[in-house]
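Some notes on the structure that comes next.
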Amino acid sequence: MSHPQQAERTKRTYQDGARRIASRSIAGLERTSLTPDALTVAGVGLCIAGAVAVYFEYLSHWFFILGGALFVVGSVLDILDGALARRSGKGTPFGAFLDSTVDRVGEAFMIAAIGLVLMREGSEWGVALAFAAMAGSFLVSYTRARAEALGLKGDVGIGSRAERVVVLSVGLGLAPLHELVLPAAIALLALTAWITVLQRVLSVRAQLRSP
């Protein structure tokens, strides 16, 4: 089996597992009075809180782990809000717009916090990579939105939001072990994001050329 096929198979495996866990979580949330918009706001709030915790890592390296944990929980809530909207019928057009907008906010705060940490450590390359990662993550979402606006498939690629959350979370969790872990995580995030942008551009081009 080729490496791209293996990567796609691995991606499908954990995505299927995540969907099963989300389905069980949604079944419980449906029995509460929580709305999808409430989950959206709570999710972005936790992601921002995680970014603030990461910024204060100079007080204790445990703030890296705290920030990563808050970011993971916030990202999970951000996934569940859309699923709850579909399953419960509580979704609204504004809720969908709010969800897609704040997705970028939480991730941007976390990448910016990591960039500030790397700047404090004197890593110019790390700061540059943080800028590249943020621009790439925004373009990943933008290319999907533009492709789907044209009626095309736009969710191809190796670096969707779920993968970016994993890279950031693992990087933050391992950051206290070595000073190079965080720059490496940001470099991987930037690389996968820009590869995904290229994959989506080529995919749209191929779809438009196909009869």
### Query
Just for region 114-165: of the residues that are among the acidic types (D, E) and within 20 Å of G68 (Cα to Cα), which one is modelled with the lowest pLDDT?
E163
### Query
Yes or no: L80 hydrophobic (A, V, I, L, M, F, W, C), in contact with a Leu (Cβ under 8 Å, 6 or more places away or on another chain), buried (at least 16 other Cβ atoms within 10 Å of the Cβ) and farther than 24 Å from L174 by Cα?
yes
### Task
Would you point out the residue of region 101-129, among those that are within 16 Å of T40 (Cβ to Cβ) and not aliphatic (A, V, I, L, M), that is surrounded by the most Cβ atoms within 10 Å (Cβ to Cβ)?
E107
#### Entry: Filter result for D78 (over 21 Å from P176 (Cα atoms), touching a residue at least 40 places away in the same chain (Cβ under 8 Å) and in a helix (DSSP H, G or I))
no
### Query
All but one of (1) part of a helix (DSSP H, G or I); (2) of a type in the set (D, E, K, R); (3) in contact (Cβ under 8 Å) with a residue 24 or more places away in the chain hold for K153; which doesn't?
(1)
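So is R146 out of contact with any His (no Cβ under 8 Å at 6 or more places or on another chain), buried (at least 16 other Cβ atoms within 10 Å of the Cβ) and basic (K, R) or not?
So R146 does not fit the description; no.
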### Query
Among the residues of region 168-186, which ones are buried (at least 19 other Cβ atoms within 10 Å of the Cβ) and either of a type in the set (F, W, Y) or out of contact with any His (no Cβ under 8 Å at 6 or more places or on another chain) (or both)?
L168, S169, G171, L172, L182, P183, A185, I186
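The values are calculated or read from the model by the stated rules, or taken from the named source; none is laboratory data. Every value quoted in this text rests on a predicted model; they were computed, and no experiment measured them. Note that each Cβ is placed from the backbone with ideal geometry, even for glycine, and that neighbours are counted across all protein chains shown.
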